[in-house]
Amino acid sequence: MDLAFGIGLIAATLTTLAFLPQVVRTWRRRSADDLSAGTFLLLFTGIVLWLLYGVLRRDPIIILANAVGVTLVGSLLLMIWRFRLRTRTPASERQLSEPLR
């Protein structure tokens, strides 16, 4: 493994895993009120383009890092949509849609 490959691998790992704490925190809190949907949508789009770039260049580091990034940021976008939709639904409607216990 040459130096450039090693640096690329470490950089890709660190920048990709940087989203993991936010995903875990958002999931545990079941709230995305403090997240910017616009920011994460732009980021998601950029990561998809980086993934496409990696595929066109046949660069495994770029492909792997951005495939994981798409998954993490995509999950954040889904949580933003799901948790905000849930909190905007009136309580009376939520009670009707919840299963009987």
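The values are calculated or read from the model by the stated rules, or taken from the named source; none is laboratory data. On a predicted model such as this, the values are computed, not experimentally measured, just so you know. Neighbour counts are summed over all protein chains in view; Cβ atoms, including those assigned to glycine, are modelled from backbone coordinates with ideal geometry. SASA here: full protein model, heavy atoms, side chains in, ligands and nucleic acids out. Shrake-Rupley method; radii C 1.70, N 1.55, O 1.52, S 1.80 Å.
Of Arg57, Arg84, Arg29, which has the most accessible area with a 1.4 Å probe, and how do the rest follow in descending order? Walk me through the numbers before you get to the answer.
Values: Arg57 155, Arg84 45, Arg29 115 Å².
Descending order: Arg57, Arg29, Arg84.
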Translational diffusion of region 1-89, µm² s⁻¹ [Kirkwood Rh, Cα pairs; Stokes-Einstein; 37 °C; 0.692 mPa s]: 235
Accessible area in the full protein assembly, largest first, 1.4 Å probe, for Thr13, Thr71: Thr71, Thr13
With every protein chain in place, the chain: carbon and sulfur % of accessible area (1.4 Å): 68
Mean Kyte hydropathy of 0.0 or more with a Cα span along the axis of at least 27 Å, helices from DSSP in the chain: 37-57, 60-88
Rounded accessible area of Asp59 (nearest 10 Å², 1.4 Å probe): 50
Residue-normalised accessible area of the chain, expressed per residue, 1.4 Å probe, Å²: 74
Structure-based [θ]222 nm, the chain - -39500 (n - 2.57) summed over DSSP H runs of at least 4, per residue, nearest 500: -27000 deg cm²/dmol
For Pro21, net neighbour charge (Lys/Arg +1, Asp/Glu -1) across residues whose Cβ lies under 15 Å away: +2
